[in-house]
Amino acid sequence: MPPSDPAPAGFAALEEVARTWRPGDLRTADALDPGPSAALSAVLDLPAPAAADGEPLPPLWHWLHFLSWPRQSDLGVDGHPRDSHFLPPLPHRRRMVAGGRLEVAAPLTTGRPAEQHSRVSRVAPKRGRSGDLLFVTVRSEYRQDGRLCVTEEQDLVYRSGGPAPVPAGLALDTAGRPGDDASPWQREWHTDPALLFRFSALTANAHRIHYDAPYTTGVEGYPGLVVHGPLLVLAMLELVRPPRPGRRVRTVSYRLNTPAFCGERLLARGGPEAAGNARLRIASHRAEAHAGADVGFV
């Protein structure tokens, strides 16, 4: 850790943050313009926009909306904001997305104003294999015309101080292919720096590990540019996103397990479960599940 970095907070400090940190609720609004959906459709190389004006927004595509754009001077050296409403007061803070849950009462509709109401619903310190961690769950409700349409919980993990949590011996594997299995739904994904850069722009994500290779390898210690966790989730959901007669996504529960790197061959795979729902995952040659998701239908 560079000498200028603040000392990491100990477990007692994490417990104190969990006990005393209570940020207020946050309310924002968005016009849900169809432009971002058309842009993401192009980034994902879809033949047509997934949601034109007046059409339902696919599950979790609201991540393209309700964005925060801090001033450039308010960013840290890693590209993340130094301070924000839901960022816990930890020195030399590092953030990771662990997973989340989504419940869709009714899809959000593009081209119509929507409101977001977010709050911190849980803060808990834990001792992890790689050090002390602070888990924060942010719950958001999305409404259109006064009706609750979508509820989301996102689990975020924070570390204080120290280098990035890069497992020893982790290496980039751009040659290997995911192993074969009998999954009925499969789709290959190819990542390159342009894809990651465009997704960062669409989601207002300035974290340098997604577009700045010298920083990513030389400072953070990763073997290559890191594929966004949300991009892995959306890639999995493409297996069930195209509308199917009489079936609509009602719930999504996703988890992020291990990072994927730019240039690695990724394969989203999955299939229906006995209860009529679906289990999905996205794999590479070196990892059976960089991310996984369970999807429920109505």
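The values are calculated or read from the model by the stated rules, or taken from the named source; none is laboratory data. Everything numeric in this text was worked out from a predicted model, so none of it was measured. Note: ideal-geometry Cβ built from the backbone for every residue, glycine included; neighbour counts use all protein chains shown. We work out accessible area using only protein heavy atoms, side chains counted, and drop any ligands, DNA or RNA first. Shrake-Rupley method; radii C 1.70, N 1.55, O 1.52, S 1.80 Å.
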Legend entry - Cα-centre dipole for the chain with unit charges at Cβ (Lys and Arg positive, Asp and Glu negative), debye to 20: 580 debye
Inset, instruction - Would you look at the GNM of the chain, springs on alpha carbons closer than 10 Å, and say which of Gly169, Gly99, Gly271 moves the most? - result: Gly169
Inset, instruction - State the three equivalent ellipsoid semi-axes of the range 21-66, derived from the C-alpha gyration tensor as the square roots of 5 times its eigenvalues, in descending order and whole Å. - result: 27, 12, 8
Inset, instruction - May I ask which residue of Tyr254, Ser200, Trp185 lies farthest towards the positive end of the charge dipole of the range 152-298, with charges of +1 (Lys, Arg) and -1 (Asp, Glu) on Cβ and the Cα centre as origin? - result: Trp185
Inset, instruction - Could you check how much of the accessible area of the chain is carbon and sulfur, as a whole percent, using a 1.4 Å probe? - result: 53 percent
Legend entry - Charge context of Val227, other residues only, Cβ under 11 angstrom, K/R +1, D/E -1: -2
Legend entry - Per residue accessible area in Å² of the chain, where ligands, DNA and RNA are left out and the probe is 1.4 Å: 48 Å²
Inset, instruction - Let me have the relative contact order for the chain, percent, based on Cα pairs under 8 Å that are six or more residues apart. - result: 19 percent
Legend entry - Qualifying trypsin sites (Lys or Arg not before Pro) in the range 89-144, DSSP loop, other Cβ atoms within 10 Å at most 15: Arg129
Legend entry - Cα Rg, Dmax (largest Cα-Cα span) when computed across the chain, Å: 19.2, 59
Legend entry - Dipole of the chain [Lys/Arg +1, Asp/Glu -1 at C-beta], most positive-end residue of Gln116, Thr216, Leu67: Gln116
Legend entry - Dipole magnitude of the range 36-106, debye to nearest 20 (Cβ charges: Lys/Arg +1, Asp/Glu -1, about Cα centre): 440 debye
